1. Could you name the lysines whose alpha carbon sits less than 22 Å from that of Lys137, not counting residues in the same chain fewer than 8 places away?
2. In the neighborhood of Gly12, defined by Cβ-to-Cβ distances under 13 Å, what is the net charge if each Lys or Arg adds +1 and each Asp or Glu adds -1?
3. Could you name the aspartates and glutamates whose alpha carbon sits less than 19 Å from that of Lys16, not counting residues in the same chain fewer than 8 places away?
4. Just the number, please: carbon plus sulfur as a percent of the accessible area of segment 1-150, 1.4 Å probe, no ligands or DNA/RNA counted.
5. Does segment 50-109 come out rounded, prolate or oblate, given a ≥ b ≥ c as the square roots of the eigenvalues of its C-alpha gyration tensor, rounded meaning a/c under 1.5 and, failing that, prolate meaning a/b above b/c?
6. Tell me, what ³J(HN,Hα) does each residue in segment 19-25 have, in order and in whole Hz, if you take phi through Karplus 6.51 cos²θ - 1.76 cosθ + 1.60 with θ = phi - 60° and put x for Gly and Pro?
7. Taking the chain as the reference, fit the longest principal axis to its C-alpha atoms, fit the long axis of helix 102-115 to the helix C-alpha atoms, and give the angle between the two in degrees, 0 to 90, nearest 10.
8. How far is helix 28-45 tilted, in degrees, relative to the longest principal axis of the Cα atoms in the chain, given as a value from 0 to 90 rounded to the nearest 10?
Amino acid sequence: MIDNFRIALDPGHGGKDPGAIGPGGTKEKDVVLAISHLVASRLIEKGYTAYMTRMNDDFVKLEDRAAFANAKSVDLFVSIHANASKNPFGNGTETYYYPNSVNGKKLATKIHNNLIKLDLKDRGVKTANFAVLRLTKMPAALVETGFISHYTEEKQLNSEKFRHKVADAIMNGILDYIRGE
Ligand code: ZN
């Protein structure tokens, strides 16, 4: 049943781990927490069950994030991050799944296809051996929304309006996956 879908959202980093830090001082952990809250509230509004691996600025180990999703037996796991590069011009969005996970690839692709509609450079859907993707037992994707190390994208990621657009895109990707579109 579509309506019984349960989703775990995983805001990257947190607590003592700030994640990437932008040229203007923006911390990845704060941006991805805010976006994850927006995605969760949208999903709940639509009648789905959504969990978050952290609700606040807490440090959570990678294996504990996966264990949480596995213990809740959620149907989907979506980890939300912002990217960083030593090259200040590195920009765009990319989405990851665990190698050979057919449904992981499908989920990553659906989310990615919605994110690139936001005029973000398309860096593609890729495989990675990330712990949260490897250790979760359900279809899982990891989204790198944009580059916090990029002057313009850092500003975008700080804007409430853009965060809402990113949250809409991630939610629409999840819905596309659930509905098999
Ligand atoms: Zn990250």
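1. Correct list for Lys137: Lys61, Lys72, Lys105, Lys106, Lys110, Lys126.
2. On the way: positive: Lys27, Lys29, Arg54, Lys61, Arg65; negative: Asp10, Asp17, Glu28, Asp30, Asp57, Asp58, Glu144.
Net of charged neighbours comes to -2.
3. Lys16 reaches Glu28, Asp30, Asp57, Asp58, Glu63, Asp64.
4. Numbers: 3440 of 6830 Å².
About 50 percent, which is the carbon plus sulfur part of the accessible surface.
5. Details: a/c = 2.47, a/b = 1.29, b/c = 1.91.
Oblate, since a/c reaches 1.5 and b/c is not below a/b.
6. Listing the rounded values in order: x, 6, 10, x, x, x, x Hz.
7. Between helix and principal axis, roughly 50 degrees.
8. Computed tilt is about 40 degrees.
The values are calculated or read from the model by the stated rules, or taken from the named source; none is laboratory data. Note that the structure is predicted; figures quoted are calculated from it, not measured. Don't worry about glycine lacking a Cβ; one is built from the backbone with ideal geometry, like all the others, and counts go over all protein chains shown. The accessibility values were calculated without ligands, DNA or RNA, using every heavy atom of the protein model including side chains. Shrake-Rupley method; radii C 1.70, N 1.55, O 1.52, S 1.80 Å.
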